[in-house]
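One structure coming up, written as C-alpha cells, with questions to follow.
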C-alpha cells in the first residue's frame, strides 16, 4: 500500500511544496492499487474512451515532463505531447493503452524522483527557460503550484474512474 502524508517534516516553503506535490503523486498511485490489468485499460465513460487509469497516469507523467523538462529547464520535448495536434490533443493517453499500468506507475515514480533532485538546485524564484502560452516566463514556484493543482485535479478523475470500474473508493 502506498504510504503518503501531506505534513512536511519542516515548514520552509520548498519542503511544503515538495510534500504536497509528493502527496498528490502518491495519491494518484494509491488510486491504482489492486486494479486488474483489464480494468486499468478500460474506460467506464462511453464518451471519453481515453479516460482510463493507464491514460490518466500517462498524462500525469508527461504533463510533469512538459512543465519541468521542457518549460522550466528548456530541454527538447521527446515525449508524446510533442506530437499533440488539434485532431489528437492527448497522444499520451491514447498510447498508454499499450503499456501495462505497473510500468506506467514505475516510470512516473522514477521521473518524479529525478525531477525532485533536479529542481532542488534551483531557487523558487528562478524563471523558466521557455514562456507559457501567453508569452510570460513563470517561476519555479508557479511550476510547483501548477503541478500540485494538475495532479490533484486528475486525482479526482482517477477516483471517479476507479469507482465506476470496481466500486473502490476512499483512497
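The values are calculated or read from the model by the stated rules, or taken from the named source; none is laboratory data. This structure is a prediction, so every number in the text was calculated from the model and none was measured. Positions of Cβ are backbone-derived with ideal geometry, glycine not excepted, and every protein chain shown enters the neighbour counts.
How many residues does region 52-89 hold that are over 20 Å from residue 142 (Cα atoms) and buried (at least 22 other Cβ atoms within 10 Å of the Cβ)?
Summing the residues that are over 20 Å from residue 142 (Cα atoms) and buried (at least 22 other Cβ atoms within 10 Å of the Cβ) in region 52-89 gives 7.
Just to be sure before I move on: is residue 141 part of a helix (DSSP H, G or I) and loosely packed, with under 14 Cβ neighbours inside 10 Å in the structure I sent?
No.
Looking at region 114-138, which of its residues are surrounded by 12 or more Cβ atoms within 10 Å (Cβ to Cβ), farther than 30 Å from residue 37 by Cα and under 17 Å from the mean Cα position of the chain (by Cα)?
Those that are surrounded by 12 or more Cβ atoms within 10 Å (Cβ to Cβ), farther than 30 Å from residue 37 by Cα and under 17 Å from the mean Cα position of the chain (by Cα): 118, 119.
Let me ask something else about it. One residue is enough: does region 93-106 have a residue meeting the conditions at pLDDT 95 or above and within 18 Å of residue 146 (Cβ to Cβ)?
no
Anything in region 117-143 that is touching a residue at least 60 places away in the same chain (Cβ under 8 Å), in contact with a helix residue (DSSP H, G or I) (Cβ under 6 Å, 6 or more places away or on another chain) and farther than 24 Å from residue 55 by Cβ? List them, or say none.
If the condition is that a residue be touching a residue at least 60 places away in the same chain (Cβ under 8 Å), in contact with a helix residue (DSSP H, G or I) (Cβ under 6 Å, 6 or more places away or on another chain) and farther than 24 Å from residue 55 by Cβ, then 124, 130 are the ones that fit.
While we're here: Condition (residue is touching a residue at least 60 places away in the same chain (Cβ under 8 Å), in a helix (DSSP H, G or I) and closer than 30 Å to residue 123 by Cα) applied to region 34-55: is it met by at least one residue?
No: region 34-55 contains no residue that is touching a residue at least 60 places away in the same chain (Cβ under 8 Å), in a helix (DSSP H, G or I) and closer than 30 Å to residue 123 by Cα.
Every residue in region 63-105 that is closer than 20 Å to residue 42 by Cα, part of a helix (DSSP H, G or I) and free of Cβ contacts under 8 Å to residues at least 60 places away in the same chain, please.
Within region 63-105, 91, 92, 93, 94, 95, 96, 97, 98, 102, 103, 104 qualify.
While we're on this one: Being surrounded by 12 or more Cβ atoms within 10 Å (Cβ to Cβ) and either in a helix (DSSP H, G or I) or touching a strand residue (DSSP E or B) at 6+ places or on another chain (Cβ under 7 Å) (or both) narrows it down to one of 110, 150, so name that one.
Checking each option against the conditions leaves just 150.
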